[in-house]
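Read through the structure below, which is laid out as structure tokens, and then see the notes.
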Amino acid sequence: YLSGKEKEYQDEVFSNKHFAGNGKFTKKCQSLIENIVGGRVLLTTSCTAALELAAMSLNLSSTDEVIVPSYTFAATASAFYRTGAKIIFAEIDPNTLMIDINDVERKINKNTRAIVPVHYAGLPCEVVKISELCKSMDIDLIEDAAQGFGTMLEGGHLGSFGRFGTISFHETKNIHCGLGGAIYINETEDFDRVENIWERGTNRAKMFRGLVDKYSWVEPGSSFYPTELQSAFLLAQLESLDKNLDQRSSLTEEYKKRLKNLRKYG
């Protein structure tokens, strides 16, 4: 999908001569997404990066266990595995192909630190029930909502039910910037630290806001945010979200109409 304004906004990046990221277009995208979903948002280079950022924020150790679905993209597991945590694979529901909450409950023990459910192929997982389970057992919930931007369930956006939510803006998704992502930071007290990790482990963003005189290295981090060229492309897409969804809804109805007679052969 192309909105028609992607190149216009990228040309503006060239005029502004600020390419590296966390500039005008990055901030505009983050603000727009925050207005849509609520909570705080940081853009990332991919959903994989968003998952890695969430994993680093949890301070996981080799004694911690993280439960993920056995059927998912590799990054759902690898993002947490690379912190040293032990990955526990839960079974999936054969009807939805998403994490089986009953098997999750069987695999929770005293070492369980987090559960990472995935919303897949146009369907949300049982995230409300999983959220209630996590709250009752003091376990962190991180939603892999790579495919779920803008989708709501029981009054909340996918990605907003847990401590963190992760989104993909890969070109295979409805809204994209070639390759990109975002992390939803749903607990206010987490934002400052997540931002430091996102800023290569420094408090550089706080210097620009006038909160510190000079920025310094404050903890381990990495380079997580996209360039302004990617953000400019993404802004054009985000501004056209309603038109994008209207077109997809129209196409969906056309598919239903043309394929309905195939039901008798099922």
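One-quarter of the Cα convex hull surface for segment 88-232, in nm²? Before the final figure, lay out each step's value.
Details: hull surface 42.3 nm².
Its Cα hull, projected and averaged over all orientations, spans 10.6 nm².
Which listed residue (F208, L179, G84) has the Cα farthest towards the positive end of the charge dipole for the chain, taking +1 on Lys and Arg C-beta and -1 on Asp and Glu C-beta about the Cα centre?
Farthest towards the positive end: L179.
Can you work out the Karplus-derived ³J(HN,Hα) for every residue in segment 144-156? Use 6.51 cos²θ - 1.76 cosθ + 1.60 with θ = phi - 60°, whole Hz, and x for glycine or proline.
Listing the rounded values in order: 8, 9, 3, 9, x, 4, x, 8, 10, 9, 6, x, x Hz.
Can you give the direction-averaged projected area of the convex hull of the alpha-carbon atoms in segment 17-75, in nm²? Let's see the in-between values first.
Numbers: hull surface 24.0 nm².
In nm², the orientation-averaged hull projection of segment 17-75 is 6.0.
I need the calculated FRET efficiency for the pair S78 and R209, taking r as the beta carbon distance and R₀ as 41 Å, to the nearest 0.05. If you can, show how the numbers build up before the last one.
Numbers: r = 33 Å, r/R0 = 0.81.
With R0 = 41 Å, the Cβ-Cβ based efficiency is 0.80.
Return the carbon/sulfur percentage of the accessible area of the chain, one whole number, probe 1.4 Å, all protein chains in place. Write down the numbers at each step before the final one.
Values: 7070 of 13780 Å².
That share works out to 51 percent.
So if I take the alpha carbon set of segment 119-186, get Rg, then get Rh from the Kirkwood formula, what is the Rg over Rh ratio? Can you show the working numbers first?
Numbers: Rg = 12.1 Å, Rh = 12.2 Å.
Radius of gyration over Kirkwood radius for segment 119-186 works out to 0.99.
Among T96, T188, T172, determine the one that fluctuates most according to a GNM of the chain built with springs between C-alpha atoms less than 10 Å apart.
T188
When N counts the residues of segment 49-126, how does its alpha-carbon radius of gyration compare numerically with 2.2 N^0.38 Å, as a ratio?
Working: Rg = 12.1 Å, N = 78, 2.2 N^0.38 = 11.5 Å.
Its radius of gyration relative to the 2.2 N^0.38 Å reference: 1.05.
Could you pull the accessible area for V218 with a 1.4 Å probe, rounded to 10 Å²?
70 Å²
For T96, project a label point 7 Å along Cα to C-beta. Then give me every residue of segment 160-174 with its amide nitrogen under 16 Å of that point.
Residues passing the 16 Å test: 160-162.
In what sequence, largest accessible area first, do S15, S46, S231 appear using a 1.4 Å probe? Intermediate results must be reported in sequence, preceding the final value.
Working: S15 90, S46 20, S231 0 Å².
Most to least solvent-accessible, the answer reads S15, S46, S231.
Counting Lys and Arg as +1 and Asp and Glu as -1, what is the net charge of the other residues whose Cβ lies under 15 Å from the Cβ of D64?
Working: positive: R82, K86, K107, K110, R113, R163; negative: E65, D138, D140.
Net charge around D64: +3.
Where in segment 175-196 does the amide nitrogen come within less than 20 Å of the point 7 Å from the Cα of S250, taken along Cα to Cβ?
Output list for this probe position: 175-176.
Which percentage, to the nearest 5, of the DSSP beta bridges contained in segment 72-213 is antiparallel?
Working: 9 of 15 bridges.
Among the beta bridges of segment 72-213, antiparallel pairing accounts for roughly 60 percent.
Taking the Cα centre of each part, how many Å lie between segment 144-172 and segment 1-65?
14 Å
Could you report segment 161-266's accessible area per residue, 1.4 Å probe, as an integer in Å²?
On the way: 6080 Å² over 106 residues.
Per-residue accessible area for segment 161-266 comes out at 57 Å².
The values are calculated or read from the model by the stated rules, or taken from the named source; none is laboratory data. Every value quoted in this text rests on a predicted model; they were computed, and no experiment measured them. Neighbour counts run over all protein chains shown; Cβ positions are idealised from the backbone, glycine included. For accessibility, only protein heavy atoms count, side chains too; no ligands or nucleic acids. Shrake-Rupley method; radii C 1.70, N 1.55, O 1.52, S 1.80 Å.
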